[in-house]
Protein chains: 2
Amino acid sequence: MTSSLLSRGISRRVLLATLAALPALSVPLLPVSVRAQAAAPATALPSWNDGAARQSILSFVAAVTREGSPDFVPLPQRIATFDNDGTLWVEQPMYTQLVFALDRVKALAPMHPEWKDKQPFKAALEGDLKALVGSGERGLLQLITVTHAGMTTEEFETIVKDWLAKARHPRFNRPYTDLVYQPMIELLAYLRANGFKTFIVSGGGVEFMRPWSEPVYGVPPEQVVGSTIKTRFQMRGDVPVLFRLPDIDFIDDKAGKPVGINEFIGRRPIAAFGNSDGDLQMLQWATKAGDRRRLGLIVHHTDAEREYAYDRKSPIGRLDIALDAANANGWTLVDMKNDWNQIFAFESGH
Amino acid sequence: MTSSLLSRGISRRVLLATLAALPALSVPLLPVSVRAQAAAPATALPSWNDGAARQSILSFVAAVTREGSPDFVPLPQRIATFDNDGTLWVEQPMYTQLVFALDRVKALAPMHPEWKDKQPFKAALEGDLKALVGSGERGLLQLITVTHAGMTTEEFETIVKDWLAKARHPRFNRPYTDLVYQPMIELLAYLRANGFKTFIVSGGGVEFMRPWSEPVYGVPPEQVVGSTIKTRFQMRGDVPVLFRLPDIDFIDDKAGKPVGINEFIGRRPIAAFGNSDGDLQMLQWATKAGDRRRLGLIVHHTDAEREYAYDRKSPIGRLDIALDAANANGWTLVDMKNDWNQIFAFESGH
């Protein structure tokens, strides 16, 4: 059913779009070492089997961090950007933020009795995704703006945190924030230990990710780039608030990713990590920069048993053009089934 | 003449707007200490005379960095935001970016013979700012988009760097990047030494500031928030570029500042520094957050001899509503003449 919803090519752009997210959070972060302290390659990335993918990472990091190396990159320029859905956490069978939006419609329904007979809300309430798709881009936008706007940024942050605390993934029956890939968490930490600044660059709403990116990924809110909706500053008496408006501001997907990287970060990454055609342009922007050494990496979902297997024809996380581009450009292709000896932290470890 | 140009209230919003700026830069940065290492208060901020303004800074920093203090703020939440024009560098007699725009019109004029008879270009070329104002918001927008768009982000970065290398301030006859306030440079460094992450939040174009914010202020490009214009990603053959379009994307001024802070940083600052009514909402957003201790500071230009003296009626950097708000809200008011014993690094130091 997600298939039909997403196969119309509406979703990624429209849905994740509005999935503009949340304000700052007060989660004390593990102190991040700015100084390069290369982990010993032998013990680095323990959830990665010692194959070509792992080696390509170690080799790249060694080259750009070794002073005197022709590939050496000074600390401030060590920028790495990561897609989120399907690259850092599970995106099947439905983008988490879309699950959130549908749950929000249900939660808000008692205050909107008219929704029972009005599309696209009727379809959302009945789980009739076919009808939802029938409501078109306009219907989906309505859905997103109703669930993601009309409150202050602080109120939205609370809504997201409360939802994440209760929601469970239909297959794994765990909080969505448990469904992050352990090998990628290790990769984020390994890059940071080598002086990289790690950013998330996602089609998802920035304020849907910021409330938990720091405790879960070690990526602080100011290093999360994503789709945004417009906000308006207001003084309510003596209290300043930012009110979330039902207007898409920026869609950080596909060709929008380099735009977002330039606007939010203002530096070109030297390494980029993705899993779908939505990441193609980000990988092009990061890696095709003259003769300088760069790392592009694509997570290929090949493990139906432990996670999911999908690529060229998947309505979610379609990996088709970018799969060919990986071969043509020498990007690292991660074969999830063979390259990762552990996928989630909750599995029995090694 | 600047007066007349700016007194129509057109400039700040329109001009600085488009003044959307430049991509990443390759300037190796002084390693920034993340760990809090409080400078000894007696020797901290040497260009500040030991008055109420300096004391308010020292007292605030001591309170939020002392573990166990009721005002203690964990490292990741120590976010400080600084306006640029008039707060970190000179904004008189004309915003530097406007000087840049007018110089660009002159540089481009040989390729546009028709400009000699066409407003607003004719006015810009003749230095007839009265006629320029007469061309209205639309004319000024035309001027900005012609000078700031129609090239790649990398090309624009080069243009800005080349211009800054040659341009001289009309009164001080020095590069504009020399005209940064030494006490504020010390303040930026002092905050960073105490675990703060320092951001610029300016009405100016983000890509006009990013090429030099790191060497001059120690603020890396990814910590510069400003006005933006739209860009479009393109593959030119095998080379990815971001092309600057003649469309304003976001104006980071007045009520736009909290919006920009939320969108780019995603955390609420605990300290904010400005000098004009354009900073009012940023200071409100940063300081009016319940009972928690916050620092708001306004630089009041009171020194016509060493710099400039202006406030309530100035067409540039007007400080009127925010001056009253400073008193009402307990924000620190810096009396430049009496609080700063040195203004520029090139003056004979102490």
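Can you tell me the FRET efficiency between A:GLU155 and A:LYS118 if r is taken as the Cβ-Cβ distance and R0 is 22 Å, rounded to the nearest 0.05? Please list the in-between numbers first.
Working: r = 24 Å, r/R0 = 1.11.
For A:GLU155 and A:LYS118, the calculated efficiency is 0.35.
At a probe radius of 1.4 angstrom, the accessible area of the range B:251-350 per residue rounds to 35 square angstrom. Ranked by the mean number of other Cβ atoms within 10 Å per residue, highest first, peptides B:142-148, A:287-293, B:155-161, A:66-72 order as B:142-148, B:155-161, A:287-293, A:66-72.
Each copy carries B:ALA328; placing its label point 7 Å along the C-beta direction from Cα gives inter-copy distances of 6.0 nm, listed from smallest up. Altogether, the Stokes-Einstein calculation at 37 °C and 0.692 mPa s, with the Kirkwood radius of the protein assembly as shown over Cα pairs as Rh, returns a diffusion coefficient of 125 µm²/s. Plainly put, the tip 7 Å out from Cα toward Cβ on B:ARG236 is 4.9 nm from that tip on each other copy, the closest given first. Quick one: with all protein chains in place, what share of the accessible area of the range A:96-204 is carbon or sulfur, to the nearest percent (1.4 Å probe)? Of the solvent-accessible surface of the range A:96-204, carbon and sulfur hold 51 percent.
Over both sides of the A-B contact, add up the buried accessible area with a 1.4 Å probe and give it to the nearest 100 Å².
Using a 1.4 Å probe on protein heavy atoms, the buried area is about 4000 Å².
Measuring against 29 Å, Cα to Cα, the residue pairs A:LYS122/A:LYS257; A:LYS257/B:LYS257; A:LYS197/B:LYS161; A:LYS116/A:LYS161; B:LYS116/B:LYS254; A:LYS116/A:LYS313 contain A:LYS122/A:LYS257; B:LYS116/B:LYS254; A:LYS116/A:LYS313 as the ones spanning a longer distance. The calculated P(r) of the range A:158-300, using every Cα pair and 5 Å bins from 0, goes 2, 9, 15, 20, 21, 15, 10, 6, 3, 1, 0, 0 in percent. Modelled spin-label separation between B:ALA167 and B:THR43, with each label point placed 7 Å from Cα along the Cα-to-Cβ direction: 3.8 nm.
Summarising the strand pairing of the protein assembly as shown, around 40 percent of its internal DSSP beta bridges are antiparallel. For the range B:58-159, the equivalent ellipsoid derived from the alpha-carbon gyration tensor has semi-axes of 44, 16, 11 Å in decreasing order. Remark: relative contact order (chain A) = 27 percent; criterion is Cα-Cα distance under 8 angstrom and separation of 6 or more residues. Other protein chain C-beta atoms within 10 Å of residue C-beta, averaged over B:265-273: 5. Amide H to amide H, with H built 1.01 Å from N, B:ASN341 comes under 5 Å of B:TRP48, B:ASN49, counting only residues 5 or more places away or on other chains. Cα gyration tensor of the range A:133-184, axes a ≥ b ≥ c as square roots of the eigenvalues: rounded (a/c below 1.5), prolate (a/b > b/c) or oblate? Note, shape of the range A:133-184 comes out oblate.
Report, for B:GLU155, each distance to the same residue's label point in the other copies, shortest first and in nm; define the point 7 Å along Cα→Cβ. Label-point separations across copies, in nm and ascending: 4.6.
Can you pull the mean other chain C-beta count within 10 Å for peptide A:254-263?
What the average comes to for A:254-263 is 6.
With a ≥ b ≥ c the root eigenvalues of the C-alpha gyration tensor of the range B:247-332, is it rounded (a/c under 1.5), prolate (a/b larger than b/c) or oblate? Oblate, since a/c reaches 1.5 and b/c is not below a/b. If R0 is taken as 51 Å, the Cβ-Cβ distance between A:ASP103 and B:GLN234 corresponds to a FRET efficiency of 0.85.
If you take all other residues with their beta carbon under 13 Å from the beta carbon of A:GLY150, and give Lys and Arg +1 and Asp and Glu -1, the sum is +2.
Inter-label distance, B:ASP247 to A:MET111: 3.3 nm, where each label sits 7 Å from its Cα along the C-beta direction.
Rounded to the nearest 5, what % of the DSSP beta bridges within chain B are antiparallel ones? Walk me through the intermediate numbers first.
Values: 13 of 32 bridges.
Approximately 40 percent, going by the DSSP bridge assignments.
Once a ≥ b ≥ c are taken as the square roots of the eigenvalues of the Cα gyration tensor of the range A:132-227, is the result rounded (a/c under 1.5), prolate (a/b larger than b/c) or oblate (a/b not larger than b/c)? Here the range A:132-227 falls in the prolate category.
Rounded to the nearest 500, the 222 nm mean residue ellipticity of chain A from helices alone is -10500 deg cm²/dmol, with -39,500 (n - 2.57) taken per DSSP H run of at least 4 residues. Would you mind telling me the antiparallel percentage of the DSSP bridges in the range A:97-255, rounded to 5? Expressed as a percentage, antiparallel bridges in the range A:97-255 total about 75.
As a fraction of the 1.4 Å probe accessible area of the range B:267-350, surface on carbon and sulfur atoms comes out at 45 percent. Charging the Cβ of each Asp and Glu at -1 and of each Lys and Arg at +1, and nothing else, the dipole of the range A:214-350 about its Cα centre rounds to 460 debye.
Just flag the GluC sites (Glu not before Pro) in the range A:225-311 sitting in loop per DSSP whose Cβ has no more than 15 other Cβ atoms within 10 Å.
Sparse-neighbourhood loop GluC sites (Glu not before Pro): A:GLU305.
For the range A:42-97, pairs of C-alpha atoms spaced more than 18 angstrom apart make up 55 percent of the total.
Under a point-charge model restricted to the Cβ atoms of Lys and Arg (+1) and Asp and Glu (-1), what is the dipole moment magnitude of the protein assembly as shown relative to its Cα centre, in debye to the nearest 20? Write down the numbers at each step before the final one.
Details: 78 positive and 78 negative charges, 88 e Å.
So the dipole magnitude of the protein assembly as shown works out to roughly 420 debye.
Counting Cβ atoms of other protein chains within 10 Å of each Cβ in A:235-244 and taking the mean gives 4. Accessible surface computed residue by residue for the range A:111-168, with neighbouring protein chains in place and a 1.4 Å probe, gives 50 Å² per residue.
Taking all protein chains together and rolling a 1.4 Å probe, A:LEU125 ends up with roughly 50 Å² accessible. Scaled against 2.2 N^0.38 Å for its residue count N, the alpha carbon radius of gyration of chain B is 0.99.
The values are calculated or read from the model by the stated rules, or taken from the named source; none is laboratory data. Worth saying up front: this structure is predicted, and the values here are computed from it rather than measured. Positions of Cβ are generated from backbone atoms using ideal geometry, with glycine treated the same way; all protein chains shown enter the neighbour counts. Protein only, heavy atoms only, side chains kept; ligands, DNA and RNA dropped before computing areas. Shrake-Rupley method; radii C 1.70, N 1.55, O 1.52, S 1.80 Å.
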